[in-house]
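The values are calculated or read from the model by the stated rules, or taken from the named source; none is laboratory data. Predicted model, so just to flag it, every value in this text is computed and none were measured. Note that we place each Cβ from the backbone using ideal geometry, even for glycine, and neighbour counts take in every protein chain shown.
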Amino acid sequence: GGGVRSFHGTAAARSAYSPLSDRHERPWNTGLVVVPQQMAYVVERFGRFLKVLEPGLNIIIPVVDNIAYVHSLKEEAIPIPNQMAITSDNVTLQIDGVLYTRIVDPYKASYGVTDALFAISQLAQTTMRSELGKMSLDQTFKDRDALNLAIVSAIQAAAANWGVEALRYEIRDIQAPKSIKESMDKQAEAERRKRAAILDSEAEQLSEINVAEGRKKAQVLASEASLQERINSAKGEALAIEQVAAATAKGIRELSSAIKGEGGGDAVSLRLAERYIQAFEQIAKEGNTILLPANAGDPAAMVGSAMGIFNNLKRQGE
C-alpha cells in the first residue's frame with residue numbers, strides 16, 4: 001500500500017538536523033499487524049485517516065489500508081544546537097541545551113505539522129533567543145531554572161497543537177565572549193575580596209565586643225566583690241561590737257554581783273586605790289609638769305571620796 005510517510009519531514013530538514021534523521025520503518029501490510037509497546041501506527045484508507053493502531057495484534061485490509069505514519073510514544077531528548085543570543089544588556093552569548101518531549105497525540109503529530117519533533121526543536125531555538133533577550137547577563141547565569149521554565153511554558157502552547165508535550169528544557173552550556181569572561185572573573189575576584197574584608201571586619205568587631213563584654217563583666221564582678229567585702233566587713237564589725245558589748249555587759253553584771261556580795265565594798269576600795277596610784281605613775285612618765293590635788297598625799301581621802309560617789313549612784317539606782 002504505497003511508501004510510508006515518516007514524521008521526520010523532508011530530507012533537507014533531516015540533513016539540517018541530524019538527530020532527527022532516524023526513520024521508523026513500517027511493517028508490510030499482510031492484514032495482521034503487530035504494534036510494539038509505546039509505538040503508534042497511523043492508518044489511512046484510500047488516503048484518508050482511518051485510525052491509530054494500539055499496541056498488540058491489529059487486523060487491517062491489505063492494499064486498501066496503508067500505515068502512513070509511525071510514531072514512538074517514548075520520551076525523547078532533542079539536542080538544541082549551539083546558537084547565538086543577545087541578552088537585555090546587549091551581551092552576545094553562545095548557548096545550547098536539551099529539550100525533552102513526548103508525542104501524546106499521534107493524529108495531531110501526523111497531520112498538524114510536517115515533522116512534529118523537528119518543528120518543536122526549531123521553536124525551542126527561537127524561544128530560547130527570545131527569553132534570553134528579556135534577561136540580563138547576570139540573570140542568565142543566576143536564574144537558569146527560571147529560564148528553563150520560561151522556555152518550556154512558551155513551547156507548550158504551540159506544541160499542544162502538534163500533539164507533542166514539552167516536558168522540560170535544560171541549558172547545557174552558556175559561553176560568554178572572552179572580554180566578558182575576563183570582566184566576570186575580575187568581578188568575582190573583587191566580590192570574594194569584598195566578602196573576605198567584610199568577614200575580617202565582622203570578626204574584628206566581634207572580638208572588640210567580646211573584649212568589652214569581658215571587661216564589663218569583670219568590672220561588675222569586681223564591684224559586686226567589693227560590695228560583698230564591705231558588707232562582710234560591716235557584719236564583722238557589728239558582730240565584734242555586739243560581742244564586746246555583750247562581754248562588757250556580762251562583766252558589769254558580774255562586777256555588780258561581786259560588789260553586792262560579802263567584802264564587795266572593800267574590794268572596790270582596794271581597786272580604786274590601785275587605779276589612783278597607777279594614774280599618778282602614768283602622769284609622771286608622760287610629762288614634766290604634774291598638777292596634783294590638794295590632798296594628793298592622802299590616798300585614803302581620795303578613795304573615800306570615790307566610794308562616796310559610788311554609794312550615791314548605787315542608792316539612786318535602787
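Selection of region 22-44 for residues being polar (S, T, N, Q) and either buried (at least 17 other Cβ atoms within 10 Å of the Cβ) or under 23 Å from residue 167 (Cα atoms) (or both) yields 29, 37, 38. I'm trying to understand the selection: among the residues of region 154-164, which are closer than 16 Å to residue 128 by Cα and surrounded by 19 or more Cβ atoms within 10 Å (Cβ to Cβ)? Hits for region 154-164 are 154, 155, 159.
For residue 8, state whether it is within 30 Å of residue 129 (Cβ to Cβ), modelled with pLDDT of 90 or more, surrounded by 18 or more Cβ atoms within 10 Å (Cβ to Cβ) and not acidic (Asp, Glu). Can you show your working first?
Working: within 30 Å of residue 129 (Cβ to Cβ): yes; modelled with pLDDT of 90 or more: no; surrounded by 18 or more Cβ atoms within 10 Å (Cβ to Cβ): yes; not acidic (Asp, Glu): yes.
The answer is no for residue 8.
Quick one: in region 165-192, of everything that is among the hydrophobic types (A, V, I, L, M, F, W, C) and loosely packed, with under 11 Cβ neighbours inside 10 Å, which residue is modelled with the lowest pLDDT? Looking at residues that are among the hydrophobic types (A, V, I, L, M, F, W, C) and loosely packed, with under 11 Cβ neighbours inside 10 Å, I get 188.
Report every pair of residues separated by at least 6 positions or lying on different chains whose Cβ atoms are under 8 Å apart, first residue within region 54-68 and closer than 17 Å to residue 25 by Cα, second basic (Lys, Arg) and in a loop (DSSP other than H, G, I, E, B). Here the result reads 67/26; 68/5, each pair linking region 54-68 to a residue that is basic (Lys, Arg) and in a loop (DSSP other than H, G, I, E, B). Pairs, please: C-beta under 8 Å, at least 6 apart or cross-chain, first residue over 15 Å from residue 49 (Cβ atoms) and in contact (Cβ under 8 Å) with a residue 24 or more places away in the chain and in region 98-118, second outside any strand (DSSP E or B) and hydroxyl-bearing (Ser, Thr, Tyr)? Once the first residue is over 15 Å from residue 49 (Cβ atoms) and in contact (Cβ under 8 Å) with a residue 24 or more places away in the chain and sits in region 98-118, its partners that are outside any strand (DSSP E or B) and hydroxyl-bearing (Ser, Thr, Tyr) give 99/121; 114/10; 115/10; 118/17.
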